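Bear in mind that the values in this text are calculations on the coordinates, not laboratory data. Bear in mind the structure is a predicted one, so any value in this text is a computation, not a measurement. Don't worry about glycine lacking a Cβ; one is built from the backbone with ideal geometry, like all the others, and counts go over all protein chains shown.
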Ligand SMILES: Cc1cc2nc3c(=O)[nH]c(=O)nc-3n(C[C@H](O)[C@H](O)[C@H](O)COP(=O)(O)OP(=O)(O)OC[C@H]3O[C@@H](n4cnc5c(N)ncnc54)[C@H](O)[C@@H]3O)c2cc1C
């Protein structure tokens, strides 16, 4: 019996999301007396994976294929799942995970359950709580198949380092002829990735123009946060599309989300419902965001944000 984890990478190293999946998998492996198998498509240092619970680590050298390739990743993973007799496979809820999960489920004959927010409550059948309707509701689902592919919601479990056996094996990259050729990938120039950030500072059209974005950046750098924006802001070209959050943009599951000059339209809120604490700064007390926020400041962003930065800097010095 084995729990297989797909480790996402960032710059060739396991991402924070990948380590969270390992912590989640470690708890499942212990509850079911299974081995925890990590699969990483990189030749990076494996010590971190051992420290976070991996019993066996498969490194897959993709030298000829530097981009995420759904068909070849899925083929390689399904071979490893068969080899290890996987009963549970865990992927993330990122775009890679959302492509890979269903594809793997088809290849392995498994059930696919997306957006798990907690550990399974039973294992025979496997019962798990999933978030649905953009985190506005929950479903409790049972998997009747012998193998289940789960995707875990970001930040739903956290990282809890606990060493595993750490046996390292290499595995060949599947030579599947891909029907899809990725010709170019443009990586977002974000210093802190929105997906991995604990804190996200996000700006909307209330900022009036890109020349005022230093307010968002200053606040973000004071807090060690990632920067994000609403859809119109990226449509207007004030910020790159990689920063757009919401229903049609990136989901954010940070511990703290600060929305500045963002009205709180339903399509924006759909992307941030999973964030734990939401703070809004808006000069319109009737802005819908106040209903969704935990804390709100009614005020002009151009006055409030500089004062907030000043106070935070003073607090950090104290
Ligand atoms: C199919 C579809 C999908 C969509 N997907 C998304 C999505 O993924 N993400 C997304 O964000 N939107 C999405 N939208 C757009 C969404 O409906 C809203 O239009 C958008 O979120 C509004 O952006 P905003 O709040 O920045 O701008 P606005 O609606 O213009 O709001 C600006 C806010 O700033 C406040 N403000 C103005 N001046 C100041 C100031 N000086 N200080 C403080 N506050 C100030 C105003 O009171 C207002 O509340 C989608 C729309 C559709 C139809």
Order of 268, 241 from fewest to most other C-beta atoms within 10 Å?
241, 268
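Fewest first, what order do 179, 276 take by the number of other Cβ atoms within 10 Å?
On the way: 179 7, 276 12.
Ranking 179, 276 by Cβ neighbours within 10 Å, fewest first, gives 179, 276.
Among 105-112, 229-236, what's the highest-first ranking by average C-beta atoms within 10 angstrom per residue? Walk me through the numbers on the way to the answer.
Values: 105-112: 18.2, 229-236: 21.1.
Those peptides, ordered most packed to least, come out 229-236, 105-112.
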Express the C-alpha Rg of the chain as a ratio against the empirical globular expectation 2.2 N^0.38 Å, rounded to two decimals.
1.06
Using only Cα atoms, locate the centre of segment 35-73 and the centre of segment 242-318, then give the distance between them in Å, rounded to an integer.
36
Based on the mean of other beta carbon atoms within 10 Å per residue, what is the order of 77-90, 133-146, most packed first?
77-90, 133-146
Counting every Cα pair in segment 2-171, what percent are over 29 Å apart?
10
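I'd like to compare 167-176, 209-218, 40-49: which one has the highest average count of other Cβ atoms within 10 Å, and what's the full order after that? Walk me through the numbers on the way to the answer.
Values: 167-176: 13.5, 209-218: 15.3, 40-49: 18.2.
Listed from highest to lowest mean packing, they are 40-49, 209-218, 167-176.
As a test, work out the antiparallel percent of DSSP beta bridges whose residues both lie in the chain, rounded to the nearest 5.
Numbers: 12 of 60 bridges.
Counting only bridges with both partners in the chain, antiparallel ones make up about 20 percent.
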Which percentage, to the nearest 5, of the DSSP beta bridges contained in segment 2-171 is antiparallel?
30
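How would you classify segment 156-204 from its alpha-carbon gyration tensor, with a ≥ b ≥ c the square roots of the eigenvalues: rounded for a/c under 1.5, else prolate if a/b is greater than b/c, otherwise oblate? Intermediate results must be reported in sequence, preceding the final value.
Details: a/c = 3.26, a/b = 1.15, b/c = 2.84.
Oblate shape, in that a/c is at least 1.5 and b/c is the bigger or equal ratio.
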What's the exposure ranking of 76, 183, going from fewest to most Cβ atoms within 10 Å?
183, 76
Values of log10 I(q)/I(0), in the order q = 0.08, 0.13, 0.15 Å⁻¹, for segment 117-262 under a Debye, Cα-only, solvent-free model
-0.36, -0.85, -0.99
Hey, could you grab the Kirkwood Rh for segment 213-294? Inverse mean 1/r over distinct alpha carbon pairs, Å, one decimal.
12.8
